[in-house]
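Throughout, read-outs are computed from the coordinates displayed, never taken from laboratory work. The structure displayed is predicted, hence computed values, not measured ones. Because the Cβ atoms are built from the backbone with ideal geometry, glycine has one as well, and the counts that use them run over all protein chains shown.
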Amino acid sequence: MRISKVPYKVDQFLEKKWNLFAEKEKNEISKQIIQMSHHYQNPEGLETPWQDFSRAYLFYFFPLNLARGSALFQSFEKHFSWTHDHLFDVGAGIGNLNIYQKVFPNLLSGDLTFIEHSSVPTDLFPTEGKWLKKWPSSIPPKSLGFFSFSWVEMKTSAKELASFESLVLMEPSTSNSARKLMALRSELIEEGFQILAPCTHQKSCPLLIHSQKDWCHDRIHFEPSPWFLDLEDRLPMKNRTLTFSYLVATKGNLKSNFTGEARVIGDTLKEKGKTRQAVCLDDERRFLSWLKKDFKNPETLDHGILIQIDGEQEKGNELRVTPTTRIEELGPDRKIEIL
């Protein structure tokens with residue numbers, strides 16, 4: 001089971017501040033969170049209303065997004081290594097990349113620049129790095145562009161994104177946002193990028209060409225701290241699992257790749273006579289399938305992991321698992337260096 005938490009020092013910082021509030025203030029923040037949640041449901045992606053809802057963002061959306069991003073970078077670091085001289089947090093908000101850099105120093109080395117045109121309160125959370133109000137006139141070589149729930153809102157084109165050597169983009173796991181990210185994927189390939197994750201191939205996205213509504217996303221389990229549970233008790237929504245869509249790409253040179261391996265892109269589906277789970281390894285829609293006659297209690301694979309499948313039987317869009325099929329999660333020994 002893939003479990004993510006809010007990075008420890010950030011969690012301590014938020015807990016200390018939360019415990020200073022009186023009950024009336026805590027309840028007011030919870031009301032603002034509900035209002036802000038409705039605001040974020042706009043399919044076109046709206047700017048964060050910082051001046052009116054900064055505390056709602058800091059205590060709710062900020063830690064949840066940090067848990068999502070931490071899970072992404074932890075998974076990515078397991079299978080890839082790369083270096084950059086410059087990191088750009090685009091649509092930075094309060095500067096999440098600064099926190100990830102401290103948690104994953106080997107993966108996120110380089111000087112840090114935040115790009116944020118909104119008037120974000122500077123006292124929300126301490127950050128270290130250079131702040132810009134607009135896109136710089138040029139992006140230096142060996143730069144990573146990081147977009148945390150900001151690309152759909154900013155509508156940055158693939159040609160503009162091509163000024164970076166590498167990209168990490170995270171968006172909500174809604175059909176609208178995720179399918180925009182899926183469509184961007186092919187444009188980035190045309191601009192010379194190689195897609196590193198979640199895809200294991202450079203062919204067309206199967207969910208985009210074989211479906212009008214399905215979308216690629218990840219799901220992780222979330223382990224909240226007591227202070228967050230106190231906040232959550234005041235809200236109608238609970239967060240035992242977190243979802244998000246993402247794309248990681250680079251123009252760097254890969255010593256090898258994961259072609260032929262599969263990414264688990266779906267939750268377990270219980271159907272009559274079988275259990276299925278969506279996987280992606282090329283441009284065809286595919287499902288691992290466990291027939292009930294062969295497996296009374298089929299294994300469940302963690303959403304988002306990389307796997308190697310041997311000895312499966314192809315039947316239509318199903319990769320049927322037999323008693324002799326071997327499914328193995330790829331470990332950290334399968335690591336690709338990007339130069």
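Structural remarks
- Dipole of the stretch 3-250 [Lys/Arg +1, Asp/Glu -1 at C-beta], most positive-end residue of Trp135, Trp18, Ser173: Ser173
- C-alpha long axis of helix 23-40 to longest principal axis of the chain, angle in °: 50 degrees
- Here the gap between Ser157 and Thr259, fully extended at 0.36 nm per residue and compared with their Cα-Cα distance, gives a gain of 34.0 nm.
- Global geometry of the stretch 238-339, whether rounded, prolate or oblate, following the gyration tensor of its Cα atoms and the 1.5 cut on a/c: prolate
- Shape analysis of the stretch 183-296 places it in the oblate category; the axes a ≥ b ≥ c from the Cα gyration tensor give an a/c of at least 1.5, with a/b not above b/c.
- A Förster radius of 35 Å, combined with the Cβ-Cβ distance separating Asp267 from Ile336, puts the computed FRET efficiency at roughly 0.85.
- Taking Cβ atoms as reference points and 12 Å as the exclusive limit, the residues near Arg219 contribute a net charge of 0, counting Lys and Arg as +1 and Asp and Glu as -1.
- Normalised contact order of the stretch 262-337, rounded percent, pairs of Cα under 8 Å and 6 or more residues apart: 28 percent
- Note on the stretch 262-337: with charges restricted to the Cβ of Lys and Arg (+1) and Asp and Glu (-1), its dipole about the Cα centre is near 520 debye.
- Phi angles across the stretch 167-177 convert, under the Karplus curve 6.51 cos²θ - 1.76 cosθ + 1.60 with θ = phi - 60°, into 3J(HN,Hα) values of 9, 10, 10, 10, 9, x, 8, 9, 4, 5, 5 Hz, Gly and Pro given as x.
- Global geometry of the chain, whether rounded, prolate or oblate, following the gyration tensor of its Cα atoms and the 1.5 cut on a/c: oblate
- Across the cross-link table entries Lys78/Lys203; Lys134/Lys255; Lys78/Lys292; Lys9/Lys203; Lys24/Lys130, which are compared at the Cα atoms, the separations over 31 Å belong to Lys134/Lys255; Lys78/Lys292; Lys9/Lys203; Lys24/Lys130.
- Alpha-carbon centroid distance for the pair the stretch 1-61 / the stretch 204-231, whole angstrom: 19 Å
- Comparing Ile94, Ile209, Asn106 along the charge dipole axis of the chain, the residue lying farthest to the positive side is Ile209, per the Cβ-charge model.
- Taking 0.36 nm per residue of separation and subtracting the Cα-Cα distance, full extension of the segment from Tyr40 to Asp123 would add 27.6 nm.
- Cβ-based net charge around Thr250, under 12 Å, with every Lys or Arg adding one and every Asp or Glu removing one: -1
- In order along the stretch 275-280, phi translates into HN-Hα couplings of 10, 10, 8, 6, 9, 10 Hz, rounded to whole numbers, per the Karplus curve 6.51 cos²θ - 1.76 cosθ + 1.60 with θ = phi - 60° and x for Gly and Pro.
- Phi to ³J(HN,Hα) by Karplus 6.51 cos²θ - 1.76 cosθ + 1.60 over the stretch 204-215, Hz, x for Gly, Pro: 4, 6, x, 6, 7, 8, 10, 8, 9, 9, 5, 8
- Relative contact order for the chain, counting Cα pairs under 8 Å that sit 6 or more residues apart, in percent: 16 percent
- DSSP-defined beta bridges in the chain - what % are antiparallel, rounded to 5: 55 percent
- For Gly266, the residues 5 or more places off, or on other chains, whose built amide H falls under 5 Å of its own are Ala278, Gly304.
- Remark on Thr241: its backbone amide H falls under 5 Å from those of Phe222, a criterion applied only to residues 5 or more positions apart or on other chains, H modelled at 1.01 Å from N.
- Contact order normalised by residue count of the stretch 182-270, Cα under 8 Å, 6+ apart, percent: 41 percent
- Each of Arg2, Arg68, Arg320 was scored by other Cβ atoms within 10 Å of its Cβ. Arranged with the fewest first, they read Arg2, Arg320, Arg68.
- Fully extended contour minus Cα-Cα distance, from Gln308 to Lys102, at 0.36 nm per residue: 71.0 nm
- The label point for Glu284 and the one for Asn176, both projected 7 Å from the Cα toward the Cβ, are 3.5 nm apart.
- Dividing the summed helix terms, -39500 (n - 2.57) for each DSSP H run of n ≥ 4, by the number of residues in the chain produces a 222 nm estimate of -8500 deg cm²/dmol to the nearest 500.
- For a straight C-alpha distance cut-off of 29 angstrom, the lysines reachable from Lys296 (same-chain residues fewer than eight places away being disregarded) are Lys270, Lys272, Lys274, Lys315.
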